[in-house]
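Everything on this sheet refers to the single structure shown next.
The values are calculated or read from the model by the stated rules, or taken from the named source; none is laboratory data. Values in this document were obtained by computation on a predicted structure and should not be read as measured data. For neighbour counting, all protein chains shown are included, and Cβ atoms are generated from backbone atoms with ideal geometry for every residue, glycine included. The area values use the complete protein model at the heavy-atom level, side chains included, leaving out ligands, DNA and RNA. Shrake-Rupley method; radii C 1.70, N 1.55, O 1.52, S 1.80 Å.
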Amino acid sequence: MVDIAERPTRLVGPPTVPRAAPDSAVPGRAGRLLGIGAKVLHRTVAIAALAAIWEGAPRLGLVDRVFLPPLSEVLVAWWELLRSGQLAEHVGASLTRSLAGLGLAVLTAIPLGLLIGWYRPLAELLSPLLEVFRNTAALALLPVFVLILGLGETSKIALVLYACSWPILLNTIAGVKGVDPLLIRSARSMGLNHLRLFQKVILPAAVPTIFTGVRLAGAYSILVLVAAEMVGAKAGLGYLINYAQYNFAIADMYSGIITISAIGLVVNQLLVALERRFSTWRVDVSAG
């Protein structure tokens with residue numbers, strides 16, 4: 001037997017107070033801010049270089065500043081147009097027409113593209129007609145739209161609708177037909193009917209390609225509309241550019257061009273964010 005008195009007694013010292021962890025929140029936040037700043041700098045360096053060339057080339061006499069004013073003078077003219085309210089009026093008119101045509105194209109071309117891509121008999125029926133119209137430039141049909149629909153808003157929205165429908169339609173068809181056959185066979189082996197197969201497999205897999213077409217259509221909606229607004233329009237960015245050219249207001253002309261580029265950039269970024277929202281299942285495999 002072991003005597004209880006012979007057992008070693010454990011010395012109990014004062015309770016240890018845990019040492020405070022070093023404050024790493026500030027360095028971590030600073031590192032994130034530096035990372036964001038480096039990313040922004042990386043993405044804007046090309047634009048900054050273009051702005052510097054635009055500002056310096058006319059001032060150094062490399063180009064005639066009558067036909068290409070320095071960027072600072074263009075920005076001053078842009079601010080004057082904005083302050084007077086003219087720029088807002090023209091932008092509002094162009095966006096109304098552009099978004100109306102793009103929205104109608106999305107509502108009509110995506111369902112039609114899904115049907116054509118999914119049902120082979122419909123694709124075989126409409127394929128010759130699609131090949132005829134897809135190779136016809138939208139601006140070549142501008143006189144036709146004007147003759148049939150007049151010089152008002154209807155012809156301009158219809159022209160944007162026509163131009164935007166083709167990239168959306170063709171990319172939707174390609175997205176449906178480009179689904180991995182292994183996914184389709186696997187879904188059918190699990191007992192999915194045609195409706196559930198289309199809903200759970202075909203449509204999600206085609207979303208990235210569909211949004212590619214929508215982004216292309218967003219660019220077309222601005223470019224085609226600007227050309228249409230140069231004929232028989234009384235407001236819009238195309239009218240502003242054309243009017244400034246005829247009146248030799250070169251700075252105002254470049255102001256309209258810059259505004260169109262900015263609108264196109266904003267629309268593209270909004271569509272990219274929307275695509276990420278609807279395709280969260282995708283894995284980004286791009287390097288770096």
Rel. contact order, % - alpha carbon contacts under 8 angstrom, at least six apart, region 71-279: 29
Nearest-20 debye value, region 71-279 charge dipole, Cβ charges on Lys, Arg, Asp, Glu: 960
Accessible-area ranking of L225, L182, L125, L170, largest first, probe 1.4 Å: L125, L182, L170, L225
Accessible area of E131 in the full protein assembly, 1.4 Å probe (Å², nearest 10): 80
With DNA, RNA and ligands ignored, accessible area of M190 (1.4 Å probe; Å², nearest 10): 150
Accessible surface ranking that places the most exposed of S127, S221, S189 first, with a 1.4 angstrom probe: S189, S127, S221
